[in-house]
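Visitor: Take a look at the following structure, please.
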Amino acid sequence: MRFEVGCRLEELREYWNRSVYDGSLDNLLNVVIKDSAQLIVWKEKDKIVGHSVWHESNTEEHREGHPRNKEDSEALRRLLGGKKSFVELHEWWLIEEYRGKGYGNEFLDFFEAYMKSNGYVNLVFYGDHPAALAAFRKHGYKEGGNLTGLNEYVFYHSLEQTT
């Protein structure tokens, strides 16, 4: 498995047609068009078999102009120790036949190194899939509990060196 930042639109459409992902292709295409660095594709034998999307965020707004609900903001402030900016790993998805092989853990190694090399230190992830939750726990992400309003767990990890 290899991970690549960005991809060609034709590649993304071909992947979309093979996958059974239930998200919006238009939303994903908008990410690629606006800032292809926010899309990371997972490739096996030169074919996209998964993807992840990240973006800059903070404890008050999901994206600029889109405020977080009270439960979410409070959970983030507790996890991060106050109002802070961070990178949110917004989604990750892998075609089913490639699941269960440890690729999620490989991806987190790649993602953390990529974020750190770009000057980011605070990472947040929301999820509900048991395999994703297990991968984040294995990587030492601090768990902020299940947010009832979102029906997802929230995780936080700092890439800052501790001495």
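Visitor: For a quick check: with amide H placed at 1.01 Å from N, whose amide H comes under 5 Å from Val121's, ignoring anything fewer than 5 positions away on the same chain?
Guide: none
Visitor: Further question on the same structure: Between the helical axis of 25-34 and the dominant principal axis of the chain, each derived from Cα atoms, what acute angle in degrees is found, rounded to the nearest 10?
Guide: Helix 25-34 sits roughly 80 degrees off the main axis of the chain.
Visitor: Here is a follow-up. Could you derive backbone 3J(HN,Hα) for the stretch 72-82 from the dihedral phi with the Karplus parameters 6.51, -1.76 and 1.60 (θ = phi - 60°), listing whole Hz in sequence and x where the residue is Gly or Pro?
Guide: 5, 4, 5, 4, 5, 4, 5, 5, 8, x, x
Visitor: Per 0.36 nm of contour for each residue apart, how much would the distance between Leu25 and Lys43 grow if the chain were fully extended, relative to their Cα-Cα spacing?
Guide: 4.7 nm
Visitor: Taking the chain as the reference, fit the longest principal axis to its C-alpha atoms, fit the long axis of helix 9-18 to the helix C-alpha atoms, and give the angle between the two in degrees, 0 to 90, nearest 10.
Guide: 90 degrees
Visitor: Is the stretch 71-119 rounded, prolate or oblate when judged by the Cα gyration tensor, a ≥ b ≥ c being the square roots of its eigenvalues, rounded requiring a/c under 1.5 and prolate requiring a/b larger than b/c?
Guide: oblate
Visitor: First check a/c for the stretch 39-130, with a ≥ b ≥ c the square roots of the eigenvalues of its C-alpha gyration tensor; if it is under 1.5, answer rounded, and if not, answer prolate when a/b is larger than b/c or oblate otherwise.
Guide: Prolate.
Visitor: Amide H of Leu147: which non-local residues (sequence gap of 5 or more, or other chain) have their own amide H closer than 5 Å, using H built in the peptide plane?
Guide: HN-HN under 5 Å from Leu147: Glu152, Tyr153, Val154.
Visitor: Return the calculated 222 nm mean residue ellipticity for the chain, to the nearest 500 deg cm²/dmol, obtained by summing -39500 (n - 2.57) across DSSP H runs with n ≥ 4 and dividing by the residue count.
Guide: -10000 deg cm²/dmol
Visitor: Need the full-extension length gain, Glu71 to Asp128, defined as separation in residues times 0.36 nm minus the C-alpha distance. One decimal, nm.
Guide: Between Glu71 and Asp128, full extension yields 18.8 nm more.
Visitor: Right, something else. Beyond a 23 Å Cα-Cα separation, which of these cross-linked pairs lie in this structure: Lys83/Lys142; Lys45/Lys101; Lys34/Lys138; Lys83/Lys138; Lys70/Lys142?
Guide: In this structure, Lys34/Lys138; Lys83/Lys138 exceed 23 Å between Cα atoms.
Visitor: If you count the DSSP beta bridges with both ends in the chain, what percent of them are antiparallel, to the nearest 5?
Guide: Counting DSSP beta bridges with both partners in the chain, the antiparallel share is about 90 percent.
Visitor: Can I ask one more? Looking at [x] 205; [y] 123; [z] 95, which value of volume of the Cα convex hull per residue in Å³ comes from a calculation on the structure shown?
Guide: Read-out taken from this structure: [y].
Visitor: Which is farthest toward the positive dipole end of the stretch 70-126 among Gly104, Ala75, Val124, measuring Cα position about the Cα centre, with Cβ charges +1 (Lys, Arg) and -1 (Asp, Glu)?
Guide: Projecting each Cα onto the dipole axis, the largest value belongs to Ala75.
Visitor: Just order 121-127, 16-22 by mean Cβ neighbour count inside 10 Å, highest at the front, would you?
Guide: Ranking the peptides 121-127, 16-22 by packing returns 121-127, 16-22.
No lab work stands behind these numbers, since they all come straight from the coordinates. Just so it is clear, the structure is predicted and the values come from calculations on it, not from any experiment. Backbone-built Cβ (ideal geometry, glycine too); neighbour counts: all protein chains shown.
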